[in-house]
Amino acid sequence: MKIIKEINQDILNSDICLIPTMGALHNGHLSLIEEGKKLGLLTMVSIFVNEKQFNEEEDFNSYPRPIEDDIKILQDLNIDYLFIPESNYIYSKNDFEIIDSGVLGKQYEGSSRPGHFDGVLTVVNRLFELIKPKVAIFGKKDAQQLFLIKEMVFKKRYEIEIIEGKTIRERSGLALSSRNLLLTDSGKEKATLLYTILKEVKKEFRDRRELYAFEVFSSKYPNIVIDYLEILNLETFSKPTEKTYEYIVLLAATIEGVRLVDNIEFKLEGA
Ligand code: PAF
């Protein structure tokens, strides 16, 4: 595995599968990397904690950065490149395009974290410009992010195939996230409620076809602070209509001051 800080001509001459990360690697990332390795391209993992997508300095400062552990994990996985750029390489001389994530970028996760998705799209766009990958893989846990990245690739007519990596869960149902490292054991236990709620919404909605009110859950699960709970059309990320067939439920909650997101997808038979 080559550890690089800058992109060279060899890389630009190769077919790269890029797996962008902010480090603190867990089995969710590992499953994306395993997907990537199956493609027969050169596999590159990037680790860059992108300041532009954090709307709070404290969140940026406390984001876990176990870089030595990450390097060991990736060495064992035998990937081709680990790209660990400096901020001034990614955002050189402020001469870079700031991507506007549009209306959807200001809703749901974007509503609670102003500027977050502009920051995500801006860095992903920079990575795409610098590396010119053939394929890039992103996890479905961050469903809104994934949707916006696919939209950006479409709008910019990039010839980059975006592969969606499935969400990996602990046995408890808790979706793996680097932020779980910031939770105590009891916080992690509470965090399993996210998936419990999502499964309940899915069941209720399928059985009764009525949107479950946010307030019901807020009072039913007083141990966690729900930020939003939304049922959307999976294809368009807009409000579902009578005709919607595929759905996604988005949920964000704060536990011990740590913001967690999760989602579940489902289809309505006979819709
Ligand atoms: O999902 C993440 O880890 C980040 O948002 C990403 C896509 C690496 C951009 O910084």
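Read-outs throughout are calculated quantities, based only on the coordinates presented, and are distinct from any laboratory measurement. Computed from a predicted model, the values in this text were never measured in an experiment. Ideal geometry is used to build each Cβ from the backbone, glycine not excepted, and the neighbour counts take in all protein chains shown.
Find the relative contact order for the chain and round it to a whole percent, using C-alpha pairs within less than 8 Å whose residues are 6+ positions apart.
Normalised by residue count, the contact order of the chain is 17 percent.
How high is the relative contact order of the stretch 126-271? Use alpha-carbon pairs under 8 Å, at least six apart in sequence, and give a whole percent.
Here the relative contact order equals 20 percent.
Pull up all non-local amide H partners of Ser101: gap of 5 or more, or a different chain, and H-to-H distance under 5 Å with H placed in the peptide plane.
Distant-sequence amide H within range of Ser101: Asp118.
Between rounded, prolate and oblate, where does the stretch 9-64 land on the alpha carbon gyration tensor, with a ≥ b ≥ c its root eigenvalues, rounded for a/c under 1.5, else prolate if a/b exceeds b/c?
oblate
Quote the charge dipole size of the chain about the Cα centre in Debye, to the nearest 20; the model charges only the Cβ of Lys and Arg (+1) and of Asp and Glu (-1).
560
First check a/c for the chain, with a ≥ b ≥ c the square roots of the eigenvalues of its C-alpha gyration tensor; if it is under 1.5, answer rounded, and if not, answer prolate when a/b is larger than b/c or oblate otherwise.
Since a/c reaches 1.5 and a/b is larger than b/c, the shape of the chain is classed as prolate.
Mind jotting down the distance between the C-alpha centroids of the stretch 1-43 and the stretch 226-271, whole Å?
After rounding, the separation between the Cα centres reads 30 Å.
Can you work out ³J(HN,Hα) from phi for every residue in the stretch 156-166, in order, using Karplus 6.51 cos²θ - 1.76 cosθ + 1.60 and θ = phi - 60°, giving whole Hz and x for Gly and Pro?
Computed from phi, the couplings for the stretch 156-166 are 8, 6, 5, 8, 10, 7, 9, 9, 9, x, 6 Hz.
Would you kindly derive the ³J(HN,Hα) couplings of the stretch 78-84 from the backbone phi angles with the Karplus curve 6.51 cos²θ - 1.76 cosθ + 1.60 (θ = phi - 60°), listing them in order in whole Hz, with x for Gly and Pro?
6, 7, 7, 9, 10, 9, 10
Could you work out how much longer the chain between Tyr89 and Lys150 gets when fully extended? Use 0.36 nm per residue separation minus the Cα distance between them, nm to one decimal.
This chain segment gains 19.5 nm when fully extended.
If you plug each phi of the stretch 107-115 into the Karplus form 6.51 cos²θ - 1.76 cosθ + 1.60 with θ = phi - 60°, what whole-Hz ³J(HN,Hα) values come out, in order, with x for Gly and Pro?
9, 6, 4, x, 6, 7, 10, x, x
Can you give the net charge of the other residues whose Cβ lies under 10 Å from the Cβ of Ile255, counting K and R as +1 and D and E as -1?
Neighbourhood net charge equals +2.
Rounded if a/c is under 1.5, else prolate if a/b is larger than b/c, else oblate: which is the stretch 49-173, with a ≥ b ≥ c the root eigenvalues of its Cα gyration tensor?
Here the stretch 49-173 falls in the rounded category.
Around Pro64, with a cut-off of 12 angstrom between Cβ atoms, what is the net charge of the other residues, counting Lys and Arg +1 and Asp and Glu -1?
-1
Under 14 Å from a point 7 Å along the Cα-to-Cβ line of Lys267: which residues of the stretch 230-252 have their amide N that close?
Taking a point 7 Å out along Cα→Cβ of Lys267, the residues of the stretch 230-252 whose backbone N falls under 14 Å are 234-235, 244-248.
Residues with beta-carbon under 10 Å from that of Glu35, excluding Glu35: net charge, scoring Lys, Arg +1 and Asp, Glu -1?
Surrounding charge for Glu35 is +1.
Expressed as a whole number of Å, what is the distance separating the alpha-carbon centroids of the stretch 134-201 and the stretch 71-90?
21
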